[in-house]
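The values are calculated or read from the model by the stated rules, or taken from the named source; none is laboratory data. Note that the structure is a prediction, hence the values are computed from the model and not measured. We place every Cβ from the backbone using ideal geometry, glycine too, and count neighbours over all the protein chains shown.
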Amino acid sequence: MAERKHVAVLMGGWSAERSVSLKSGEGCAAALERAGYRVTRIDVQRDIAAVLADLRPDVAFNALHGPYGEDGCIQGVLEILGIPYTHSGVAASALAMDKQKAKAVMKAVGIPVAEHKVVHRMTAAREHVMNPPYVAKPVREGSSYGVLIVKENAPHPPQELFRDDWPYGDMVMIERYVPGRELTCAVMGNVALGVTEVMPLGHGFYDFDAKYAPGGSQHILPAEISPFVYQEVQKLSLRAHQALGCKGVTRADFRFDEQPGGGGELICLEVNTQPGMTETSLVPEIAAHAGHSYEELTSWLVEDASCGR
């Protein structure tokens with residue numbers, strides 16, 4: 001590297017996923033330093049445009065998660081400043097973050113999604129708007145924040161939705177609960193990498209603690225599923241990545257119901273445009289299995305960065 005690229009790693013922010021973002025950012029910053037880049041770590045606050053305008057890095061590495069970092073907002077700031085950045089652009093980020101709109105796009109290109117409806121949280125708290133079992137989730141959050149599972153025999157909807165201090169917005173998605181195995185697949189550029197099965201340990205589902213607490217989940221890579229299902233997950237992950245207009249790396253999450261009566265149903269839950277990027281996160285783990293070290297993955301993202309994504 002004749003002239004070392006100056007990379008600003010954007011992390012932290014003020015979403016519910018701040019703590020996860022700080023870990024992703026620190027891991028990526030350290031990996032980029034090992035790879036020979038000049039790195040500035042930025043804990044993103046609301047003056048980020050002024051900070052970046054003053055710093056003028058060659059590339060902004062986006063390690064933010066959740067609202068403002070994952071929904072097109074920071075991407076728009078970077079476009080205005082003319083600073084090349086990693087991951088998906090404005091439109092794809094906004095689209096993938098909105099679960100309702102993303103599902104509509106995926107369904108239109110033949111990707112199976114669960115039946116769902118979006119209602120006001122007070123409506124969802126007063127009565128079952130779908131026969132249980134179902135899942136209630138914020139329309140625009142990540143890391144399983146605010147996700148509530150309503151079991152088959154539940155006498156009433158989740159009463160947490162009545163809370164005065166409910167922090168996840170007034171509109172919630174009610175989605176048919178799909179039993180079975182949790183599968184996830186990373187896409188890097190226009191290549192679908194490996195498929196991991198995620199098994200929560202001591203948790204009812206892959207919630208925040210199962211995702212991030214030590215020993216919260218077990219990752220089985222490659223997933224022990226039939227070659228046909230494995231390839232189908234890869235094919236659908238790449239199709240979703242492309243249909244939503246994503247760039248860089250993404251991670252698509254699925255449920256696979258192979259129980260008797262499940263009929264081998266494979267359902268795409270969502271596409272993450274800013275997946276966790278600590279060294280032990282799913283995407284770096286899947287990339288390593290495909291032969292890309294953590295340093296190579298983060299370097300690839302920097303070299304792939306651009307405006308107009």
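If you go through the range 71-105 one residue at a time, how many are of a type in the set (Gly, Ala, Ser) and either free of Cβ contacts under 8 Å to residues at least 60 places away in the same chain or under 17 Å from residue 54 (Cα atoms) (or both)?
Of the residues in that region, 5 qualify.
Report, by residue number, each residue of the range 221-241 that is among the hydroxyl-bearing types (Ser, Thr, Tyr) and either surrounded by 13 or more Cβ atoms within 10 Å (Cβ to Cβ) or under 10 Å from residue 187 (Cα atoms) (or both).
230, 237 - these are the residues of the range 221-241 that are among the hydroxyl-bearing types (Ser, Thr, Tyr) and either surrounded by 13 or more Cβ atoms within 10 Å (Cβ to Cβ) or under 10 Å from residue 187 (Cα atoms) (or both).
Specify which of the listed residues (49, 30) is outside any strand (DSSP E or B), free of Cβ contacts under 8 Å to residues at least 12 places away in the same chain and more than 21 Å from residue 272 (Cα to Cα).
30
Could you list, in sequence order, the residues of the range 285-306 that are more than 19 Å from residue 85 (Cα to Cα) and in a helix (DSSP H, G or I)?
285, 286, 287, 288, 289
Would you point out which residue out of 105, 44, 59, 7 is at negative phi and either surrounded by fewer than 22 Cβ atoms within 10 Å (Cβ to Cβ) or at pLDDT below 95 (or both)?
That would be 105, the only listed residue that is at negative phi and either surrounded by fewer than 22 Cβ atoms within 10 Å (Cβ to Cβ) or at pLDDT below 95 (or both).
Out of all the residues in the range 111-128, is one or more surrounded by 18 or more Cβ atoms within 10 Å (Cβ to Cβ), under 24 Å from residue 257 (Cβ atoms), of a type in the set (Val, Ile, Thr) and at pLDDT 95 or above?
yes
Looking only at the range 62-76, how many residues end up being assigned to a loop (DSSP other than H, G, I, E, B) and crowded, with 19+ Cβ neighbours inside 10 Å?
Looking only at that region, the number is 9.
Considering only the range 265-282, I want to know if a residue exists there that is of a type in the set (A, V, I, L, M, F, W, C) and surrounded by fewer than 17 Cβ atoms within 10 Å (Cβ to Cβ).
No, the range 265-282 contains no residue that is of a type in the set (A, V, I, L, M, F, W, C) and surrounded by fewer than 17 Cβ atoms within 10 Å (Cβ to Cβ).
Filter the range 109-164 down to residues that are acidic (Asp, Glu) and in contact with a strand residue (DSSP E or B) (Cβ under 7 Å, 6 or more places away or on another chain) and give me whichever is nearest to residue 271 (Cα to Cα).
Top of the filtered list is 115.
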